[in-house]
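The values are calculated or read from the model by the stated rules, or taken from the named source; none is laboratory data. Given the structure is predicted, the values throughout are model-derived calculations rather than measurements. Using ideal geometry, Cβ is built from the backbone for each residue, glycine included, and neighbour counts are taken over all protein chains shown.
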Amino acid sequence: MNLNFTEEQLMMRDMVRDFAQNEIAPFVEKMEAGEFPRPILNKMAELGLMGITVPEEYGGSGMDFISYIIAINELSKVSAVIGVILSVHTSVGTNPILYFGNEEQKQKYVPKLAKGEYLGAFCLTEPSAGSDAASLKTRAVKKGDKYIINGSKIFITNGGEADVYIVFAKTDPEKGSRGVTAFIVEKDTPGLIIGKDEKKMGLHGSRTVELSFENMEVPEANRLGEEGEGFKIAMANLDVGRIGIAAQALGIAEAALDAAVKYAGERQQFGKPIIANQGIGFKLADMATAVESARLLVYRAADLRSKGLPCGKEASMAKLFASQTAREVAIEAVQVFGGYGYTKEYPVERYFRDAKITEIYEGTSEIQRIVISKHL
Ligand code: CAA
């Protein structure tokens with residue numbers, strides 16, 4: 001694996017780093033107060049960040065997968081909220097249409113998603129179908145040239161803000177995972193009801209909502225793939241999506257490590273900077289080693305994906321390890337800051353709150369272990 005970024009990838013890194021510092025950092029307080037970062041997303045659209053890997057013929061920036069992962073990684077160092085919005089929009093909001101849609105569907109939706117005119121969302125999880133995604137109960141019944149969809153979804157990232165929802169429903173409940181079908185649902189579809197916003201521990205500013213479908217009519221033309229192909233579409237896109245969440249977790253871990261190292265070098269106790277104490281210095285050494293390991297796993301998975309090689313196992317390994325690292329490094333960063341770390345004066349408490357979810361969404365750590373062990 002060659003971790004030397006190309007000139008184009010380095011330009012992406014520098015551009016996103018500047019953008020995050022200059023435009024996103026001043027907006028973090030508003031997001032913490034609950035504001036959805038629409039102005040930031042509009043600026044990201046202008047920079048071509050809403051369709052980084054989408055081919056130019058479909059309105060995207062036509063860049064490689066590593067550039068996309070670099071962008072999520074850099075954005076998440078400043079705001080994990082922006083990281084998850086972009087990751088969900090791209091890998092499970094846009095890519096299912098790009099990779100599994102017919103030409104008409106691609107022409108209709110992908111350019112708008114890639115240019116950021118539309119925001120995407122992914123609707124798989126249900127109240128009684130989380131880790132066991134194939135047990136979903138939402139039902140789609142064919143009637144003429146339409147499907148009538150009834151059911152409900154929870155924890156939908158970008159819900160209430162998205163223009164296009166990828167919805168998974170059972171067309172044949174007898175067939176288990178082979179009875180799941182995917183649909184493209186536009187936000188104004190009658191019967192699509194946006195439910196309550198979750199009040200979350202972290203990721204304030206990112207919307208997470210319940211959805212219900214009440215006799216929602218979806219034209220047959222909006223069925224994605226064939227009947228029964230939905231579960232494979234979901235799984236294939238999650239394989240890749242998990243590298244995005246791993247990059248988000250890596251960004252949080254890097255930010256927490258940087259903050260802790262800086263503080264430990266400045267904070268004086270007993271007449272010397274606290275980093276001079278092995279209790280703190282060794283802690284920082286372990287944190288840095290874990291971050292470096294996570295970085296290698298994330299870019300290893302991204303490299304495989306970039307080359308079009310299978311990456312399901314490596315994506316799950318990267319997500320498993322980077323999310324665990326984010327949580328551990330962020331909690332240790334709070335410890336390095338002592339009492340100050342527990343206040344909102346410093347960002348480390350936010351990093352910790354934001355880190356925790358990376359071990360849960362897009363497949364819990366337990367699910368990543370199932371995926372990895374199946375590959376073994
Ligand atoms: N790619 C393509 N096909 C796949 C696949 C993959 N990665 N994984 C499984 N499949 C196929 C299998 O080949 C099988 O097909 P056949 O019936 O033709 O043989 C079918 O799918 C069923 O496979 P399994 O029997 O292995 O499926 P399972 O029911 O045991 O579930 C699981 C497997 C990995 C546990 C899966 O349920 C899973 O990933 N659960 C976690 C759900 C998840 O990640 N949810 C995230 C929600 S989105 C989100 O969080 C976004 C956000 O907000 C940030």
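Does SER316 count as near the ligand (Cβ under 10 Å from one of its atoms), in a helix (DSSP H, G or I) and surrounded by 19 or more Cβ atoms within 10 Å (Cβ to Cβ)? Taking the combined requirement at face value, the residue satisfies it. Is it the case that the range 189-204 has a residue that's near the ligand (Cβ under 10 Å from one of its atoms), closer than 19 Å to PHE122 by Cβ and buried (at least 20 other Cβ atoms within 10 Å of the Cβ)? Yes, because at least one residue in the range 189-204 is near the ligand (Cβ under 10 Å from one of its atoms), closer than 19 Å to PHE122 by Cβ and buried (at least 20 other Cβ atoms within 10 Å of the Cβ). Selection of first residues in the range 121-144 that are more than 9 Å from the ligand (Cβ to nearest atom) and of second residues that are part of a loop (DSSP other than H, G, I, E, B) and among the small types (Gly, Ala, Ser), restricted to Cβ pairs under 9 Å at least 6 apart or on distinct chains, gives the following pairs, ordered by first then second residue: LEU136/SER128; LYS137/SER128. Here GLU174, GLU186, GLU161, GLU103 are screened, and the one residue that is surrounded by fewer than 23 Cβ atoms within 10 Å (Cβ to Cβ), away from the ligand (no atom under 14 Å from the Cβ) and either farther than 20 Å from MET216 by Cα or touching a residue at least 60 places away in the same chain (Cβ under 8 Å) (or both) is GLU103. Residues in the range 336-376 that are near the ligand (Cβ under 9 Å from one of its atoms) and without any contact (Cβ under 8 Å) to a residue 40 or more places away in the chain: ILE360, ILE370, LYS374.
Only residues that are β-branched (Val, Ile, Thr), under 30 Å from GLY205 (Cα atoms) and touching a helix residue (DSSP H, G or I) at 6+ places or on another chain (Cβ under 7 Å) were counted in the range 128-184, giving 4.
What do you reckon, is GLU104 modelled with pLDDT of 95 or more, more than 24 Å from ASN215 (Cβ to Cβ) and charged (D, E, K, R)?
yes
Any residue at all in the range 324-331 that's away from the ligand (no atom under 14 Å from the Cβ) and part of a loop (DSSP other than H, G, I, E, B)? Within the range 324-331 (the criterion being away from the ligand (no atom under 14 Å from the Cβ) and part of a loop (DSSP other than H, G, I, E, B)), the answer is no, since none of the residues qualifies. Sub-8 Å Cβ pairs linking a first residue in the range 273-291 that is over 13 Å from ASP258 (Cα atoms) to a second residue that is surrounded by 13 or more Cβ atoms within 10 Å (Cβ to Cβ) and among the basic types (Lys, Arg), at least 6 apart or interchain, are PRO273/ARG267; ILE274/ARG267, ordered by first then second residue.
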